Structures are given as structure tokens and as C-alpha cells.
1. List the relative contact order of the chain as a percent without decimals, with contacts defined as Cα pairs under 8 Å and 6+ residues apart.
2. Among Thr84, Asn62, Ala11, whose Cα lies farthest out toward the positive end of the dipole of segment 2-103, if unit charges sit on the beta carbon of Lys, Arg (+1) and Asp, Glu (-1)?
3. Hey, what angle do you get for helix 45-58 against the long axis of the chain, alpha-carbon based, 0 to 90 degrees rounded to 10?
4. Can you tell me how much longer the chain between Leu95 and Glu72 gets when fully stretched, taken as 0.36 nm per residue apart minus their C-alpha distance, in nm with one decimal?
5. Between Leu16, Leu70, Leu37, where does the largest GNM mean-square fluctuation fall for the chain, given springs only between Cα atoms within less than 10 Å?
6. Hey, any idea what Rg/Rh is for segment 11-98, computing Rh the Kirkwood way over Cα pairs?
7. Helix 6-35 versus the longest principal axis of the chain: what is the Cα-based angle in degrees, 0 to 90, to the nearest 10?
8. Mind listing the phi-derived Karplus ³J(HN,Hα) values for segment 92-103, rounded to whole Hz, using 6.51, -1.76 and 1.60 with θ = phi - 60°, and x for any glycine or proline?
Amino acid sequence: MFPMLGFLFGARKKVLKNKRELNAFVNENFIQSLSNLDENDARNFIDSYLIQQQQERKIQNNGYFHHENLEESVINLFMAGTETVSSTLFWAFTLMMKYPLIQ
């Protein structure tokens, strides 16, 4: 209907494609963590979450610890880390350009 606005939808499609890829990556890590899960040795956040999730299932409690929350928590941590690193690098390069002696 509005061919001149096509560029807007292209960006949206790319964002959705990237989100699907990120979700697939996170789910792949869940499966790997679940297959190597040891309740006595939680190696990372995902392991700790999965252990708590299994403990809640044993007591028949459908609370906070379900798959969707784990997926969103991991993605939020990933995005927060990405933003922090990009901001740090931005300021590091900005200051190196302003003060070339610190290079």
C-alpha cells in the first residue's frame, strides 16, 4: 500500500529474526545444561535455576521458576551485559581520542 515505507518493515523483520536466533541459542544452552545437570554442582545461573525448578516440581508448586521466566532472565542478563560492554568501549575509545597520551 505504501511502498516508500518498506524500509520500516525490513528493520522489524530483521529484529524478529535476530530475536528468534537468540531464543534458539538460549534454548540450546538450556537443553545442554539440563542434560549435564548435577544437583550438587551448580556451575552457572541456568543450572541453579533448573535445580530450583526441579525442587518446585517435586512439591507441586507452579511458582516463578518456569521455562519462560528462565529464558527471559537469561536474555535480560545477556542484553544488560552487551549494553555495559558497549558503553565501556565507547567511553574508552572516546577518552583515548581526546587524550592520545594514554594510548
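None of the figures in this text is laboratory data; all of them are computed from the coordinates on show. Everything quoted here is computed from the prediction, not taken from an experiment. Note that each Cβ is placed from the backbone with ideal geometry, even for glycine, and that neighbours are counted across all protein chains shown.
1. About 21 percent, as a whole number.
2. Ala11
3. Long axis of 45-58 versus the principal axis of the chain: about 30 degrees.
4. 4.8 nm
5. Highest fluctuation among the options: Leu16.
6. Rounded to two decimals, Rg/Rh equals 1.13.
7. In the chain, helix 6-35 runs at an angle near 40 degrees to the longest axis.
8. Those phi angles translate into 4, 5, 4, 5, 5, 6, 6, 10, x, 5, 7, 5 Hz.
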